[in-house]
Ligand SMILES: Nc1nc2c(c(=O)[nH]1)N[C@H]1C(S)=C(S)[C@@H](COP(=O)(O)O)O[C@H]1N2
Ligand SMILES: [Mo]
């Protein structure tokens with residue numbers, strides 16, 4: 001192919017922008033043009049129009065990176081997470097709630113019992129590096145279907161175990177226990193979180209991964225469970241998952257931009 005997907009996207013934004021704006025068969029922007037800003041909105045509409053439900057490239061075993069770079073949190077110090085890790089996550093449960101018919105609390109065994117998918121994909125971090133890894137997990141859609149998503153839900157919110165202000169060694173303004181006391185949904189929490197729309201949530205390569213390169217997922221890479229959303233940049237793939245919440249809007253959650261890094265100014269839509 002002459003164009004990679006990024007240049008196609010750029011071309012699309014110039015060449016098909018007006019057409020995308022006039023076509024309503026593709027998804028509308030998540031929060032409307034006003035909320036996203038014109039550039040983001042146009043990117044979102046153009047990407048969804050051009051790429052639809054296309055698959056991210058998958059690679060052969062020989063392409064797997066000998067060392068996959070771990071990034072962001074690599075060893076969460078939050079006491080509740082440390083306690084779960086100490087017991088090899090047997091007491092860990094993935095809570096599924098919000099706008100669902102049937103709230104769930106799934107163990108790792110429950111999740112491993114769901115149909116599995118394995119994919120070898122390239123992870124692109126916004127910092128400018130890429131690694132190829134092999135991921136095994138269950139499609140997020142299986143979990144969504146088990147819980148029964150209510151029709152008002154428009155986004156999937158992921159709650160993580162790791163507080164981002166506990167990553168740096170010199171964060172001395174509050175004790176660890178005080179920080180751990182702020183719930184993952186609280187406005188003052190610094191726990192990692194993310195949101196995705198249903199185009200990504202229902203995409204076949206969007207999996208809750210519990211294995212990497214044929215081994216149980218280890219702590220640097222997000223144990224016991226992390227999301228893979230293969231057509232998005234790395235920060236859209238939360239590690240250390242604790243809960244999934246179905247929501248109508250993310251404007252009233254934390255900084256209001258739909259994710260930890262989005263609240264620091266990154267784009268909500270990080271599609272490639
Ligand atoms: N919970 C959590 N998830 C996270 C992060 C993080 O710090 N905490 N960092 C993100 C970023 S920026 C990247 S590039 C990837 C890194 O995944 P890896 O450690 O498997 O390379 O995780 C993403 N998910
Ligand atoms: Mo990243």
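A short reminder: the numbers here are calculations on the coordinates, not readings from a lab. Quick caveat: nothing in here was measured; it's all calculated off a predicted structure. As a convention, Cβ positions derive from the backbone with ideal geometry for all residues, glycine included, and neighbour counts pool all protein chains shown.
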Select, from 141, 130, the only residue that is closer than 20 Å to residue 205 by Cα and without any contact (Cβ under 8 Å) to a residue 12 or more places away in the chain. 130
Please work out which residue is farthest from ligand 2 (Cβ to nearest atom), limiting yourself to region 222-270 and to residues that are closer than 20 Å to residue 134 by Cα and either without any contact (Cβ under 8 Å) to a residue 12 or more places away in the chain or surrounded by fewer than 21 Cβ atoms within 10 Å (Cβ to Cβ) (or both). 233
